[in-house]
1. So how many residues does the range 141-161 have that are more than 20 Å from Phe190 (Cβ to Cβ) and within 16 Å of the ligand (Cβ to nearest atom)?
2. Output the residues belonging to the range 162-184 that are within 16 Å of the ligand (Cβ to nearest atom) and surrounded by fewer than 20 Cβ atoms within 10 Å (Cβ to Cβ).
3. Return only the number of the condition from (1) hydrophobic (A, V, I, L, M, F, W, C); (2) more than 13 Å from the ligand (Cβ to nearest atom); (3) touching a residue at least 40 places away in the same chain (Cβ under 8 Å); (4) buried (at least 16 other Cβ atoms within 10 Å of the Cβ) that Ala49 does not satisfy.
4. Give the residue that is modelled with the highest pLDDT, with candidates limited to residues of the range 107-123 that are open to solvent by 40 Å² or more (accessible area, probe 1.4 Å) and not in a helix (DSSP H, G or I).
5. Of the conditions (1) away from the ligand (no atom under 16 Å from the Cβ); (2) of a type in the set (A, V, I, L, M, F, W, C); (3) in contact with a Cys (Cβ under 9 Å, 6 or more places away or on another chain), Leu39 clears all except one; give me its number.
6. Can you tell me which condition Phe123 does not meet? The list is (1) within 13 Å of Ser138 (Cβ to Cβ); (2) out of contact with any Leu (no Cβ under 6 Å at 6 or more places or on another chain); (3) aromatic (Phe, Trp, Tyr), and all the others hold.
7. Show the residue pairs meeting these rules: Cβ distance below 6 Å; 6+ apart or different chains; first residue within the range 22-35 and under 13 Å from Gln74 (Cα atoms); second residue open to solvent by 30 Å² or more (accessible area, probe 1.4 Å) and within 11 Å of the ligand (Cβ to nearest atom).
8. So for the range 11-28 (the condition being in contact with a Cys (Cβ under 8 Å, 6 or more places away or on another chain) and within 16 Å of the ligand (Cβ to nearest atom)), does at least one residue qualify?
Amino acid sequence: MAIELPELPYRTDELSPFLSKETMETHHGKHHRGYVNKLNGLISGTVHADRSLTDIVVHSHANSETGIFNNAAQCFNHGFLWDSMSPHGGGAPAGALHGALESAFGDLDGFKEAFKTAAMNQFGSGWVWLVSDTAGLSIISTGNADTPIVSAARPLLTLDVWEHAYYLDYKNERARYVDTFLSDHINWSFAEENYASDPAKGV
Ligand code: FE
């Protein structure tokens, strides 16, 4: 059972001008596809061959199989990223997530500030995540392919801060990329769904 490249939940030109068609075609069609192809080559004929993607991530992490972990985690992280962005995003979260966000960050601006700080302080390649655990919501960053699904924290949404995610459109201006994501393209509906299904939800 090979791991497949998921379809994008929107057309490659729908996030423009936040992210151009060229960026999305390259990021999804070349980078993400590259991780999928590499992973399938690495797991062929191994105990991982019939596992789900998340199981491959967890098992390869536990067994320190670095090559398989890096590619599997990048497959998971990118799939999660596509759903974390929306052509019609922005605004504020609703429902239970709204209250949890206020508890953790004071208000939406407090969340944005904390998220942006984490994005700017991630040195080199990595990811920024809003996560939930028994203590409530928090923001973490992970380097390279690292992913919260190997920890007790449940990811609610993410942003890719590898340069390949934004360099064609923003060059070195990571701050403007992060600001535009937070103001217009963050997919709160996806985060709300993830939060609602979190069994370890804090209070
Ligand atoms: Fe990426």
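1. 4
2. Of the residues in the range 162-184, the ones within 16 Å of the ligand (Cβ to nearest atom) are 162-170, 174, 177-178, 181.
Those that are within 16 Å of the ligand (Cβ to nearest atom) and surrounded by fewer than 20 Cβ atoms within 10 Å (Cβ to Cβ): Trp162, Glu163, His164, Tyr167, Leu168, Asp169, Tyr170, Arg174.
3. Failed condition: (4).
4. Initial filter on the range 107-123 (open to solvent by 40 Å² or more (accessible area, probe 1.4 Å)): 107-109, 112-113, 116-117, 120-121, 123.
When the remaining residues are screened for being not in a helix (DSSP H, G or I), the result is 107, 123.
Numbers: Asp107: 97, Phe123: 94.
Within the range 107-123, the match that is modelled with the highest pLDDT is Asp107.
5. Single failed check for Leu39: (1).
6. Result: Phe123 fails condition (1) only.
7. Pairs that qualify, where the first residue is under 13 Å from Gln74 (Cα atoms) and the partner is open to solvent by 30 Å² or more (accessible area, probe 1.4 Å) and within 11 Å of the ligand (Cβ to nearest atom), are His31/His164.
8. No, the conditions are met nowhere in the range 11-28.
The values are calculated or read from the model by the stated rules, or taken from the named source; none is laboratory data. Since the model is a prediction, treat every value here as computed from it, not as a measurement. Positions of Cβ are generated from backbone atoms using ideal geometry, with glycine treated the same way; all protein chains shown enter the neighbour counts. Remember, those area values only see protein heavy atoms, side chains included, never the ligands or the DNA or RNA. Shrake-Rupley method; radii C 1.70, N 1.55, O 1.52, S 1.80 Å.
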